[in-house]
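Peer 1: First the structure, which I've put down as structure tokens, then a few questions once you've had a look.
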Amino acid sequence: MQGGDDRSVGEILADLSQQTAELVRREMRLAEAEMTQKAYRAGKNAGFLAAGGALAYAGLLAVVAGMIMLFGRSRRPWFSAFVVGLSVAGAGSLLALKGLDALRQEGVVPQETVETLEENREWLRDQADRTS
């Protein structure tokens, strides 16, 4: 055998089987941790989206109130309602856009796990080639 290893083929295969099982368990833990992180970030970004939508809705209500006041021929209250409404709607729009952009960039594939699985596949091939 190569490298002076005096174990039998059966012992080597049993060891390889144990190492493979441990590797799969570790990969599953990594995938779980990575998916948990992704879910946390997606939830946070969905919160930004909801907050932005709520603020934009409040801004829309203020704009509508301003338009009602405008048609009621009251000059100063409608102006302040428009200013406040546009400010709140603008802030809400920024939050909503930030949330949408972050959600679009967040993929659902556990990329680190996929990369390590590729590495593990190569390692297993090398181990199988060494035993044969």
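Residues are listed down the side, and each one gets a yes or a no for (1) at pLDDT 80 or above; (2) of a type in the set (Ser, Thr, Tyr); (3) in contact with a helix residue (DSSP H, G or I) (Cβ under 7 Å, 6 or more places away or on another chain):
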site	(1), (2), (3)
GLY66	no, no, yes
VAL83	no, no, no
SER87	yes, yes, no
GLY90	yes, no, no
GLU106	no, no, yes
GLU118	yes, no, no
GLN127	no, no, yes
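Peer 1: Looking at (1) touching a residue at least 12 places away in the same chain (Cβ under 8 Å); (2) basic (Lys, Arg); (3) in contact with a helix residue (DSSP H, G or I) (Cβ under 9 Å, 6 or more places away or on another chain), can you tell me which one ARG26 breaks?
Peer 2: Of (1) touching a residue at least 12 places away in the same chain (Cβ under 8 Å); (2) basic (Lys, Arg); (3) in contact with a helix residue (DSSP H, G or I) (Cβ under 9 Å, 6 or more places away or on another chain), only one is false for ARG26: (1).
Peer 1: How many residues are surrounded by 14 or more Cβ atoms within 10 Å (Cβ to Cβ), more than 12 Å from the chain's Cα centre (by Cα) and within 26 Å of ARG125 (Cβ to Cβ) if we restrict to region 14-52?
Peer 2: Going through region 14-52 one residue at a time, the tally reaches 6.
Peer 1: For region 54-77, indicate whether the set of residues that are surrounded by 14 or more Cβ atoms within 10 Å (Cβ to Cβ) and under 30 Å from GLY10 (Cβ atoms) is non-empty.
Peer 2: no
Peer 1: Restricting to region 1-58, and then to whatever is among the polar types (S, T, N, Q) and in a helix (DSSP H, G or I), can you tell me which residue is farthest from VAL109 (Cα to Cα)?
Peer 2: From region 1-58, those among the polar types (S, T, N, Q) are 2, 8, 17-20, 36-37, 45; that's our starting set.
Pick out the ones that are also in a helix (DSSP H, G or I) and you get 2, 17-20, 36-37, 45.
Details: GLN2: 40, SER17: 27, GLN18: 27, GLN19: 25, THR20: 23, THR36: 12, GLN37: 12, ASN45: 17 Å.
Filtering region 1-58 for residues that are among the polar types (S, T, N, Q) and in a helix (DSSP H, G or I), the one farthest from VAL109 (Cα to Cα) comes out as GLN2.
Peer 1: Let me ask something else about it. For region 29-59, what are the residues that are over 17 Å from LEU100 (Cα atoms) and in contact (Cβ under 8 Å) with a residue 24 or more places away in the chain? If you could, list the steps in order and put the result at the bottom.
Peer 2: First pass over region 29-59, keeping only residues over 17 Å from LEU100 (Cα atoms): 29-37, 58-59.
Within region 29-59, LEU30, ALA31, GLU34, MET35, ALA58, GLY59 qualify.
Peer 1: Is it the case that region 91-110 has a residue that's surrounded by 13 or more Cβ atoms within 10 Å (Cβ to Cβ), touching a residue at least 60 places away in the same chain (Cβ under 8 Å) and assigned to a helix (DSSP H, G or I)?
Peer 2: Scanning region 91-110, I find at least one residue that is surrounded by 13 or more Cβ atoms within 10 Å (Cβ to Cβ), touching a residue at least 60 places away in the same chain (Cβ under 8 Å) and assigned to a helix (DSSP H, G or I), so the answer is yes.
The values are calculated or read from the model by the stated rules, or taken from the named source; none is laboratory data. Just so it is clear, the model here is predicted, and its values are computed rather than measured. Reconstructed Cβ throughout: ideal geometry from the backbone, glycine too, with neighbour counts over all protein chains shown.
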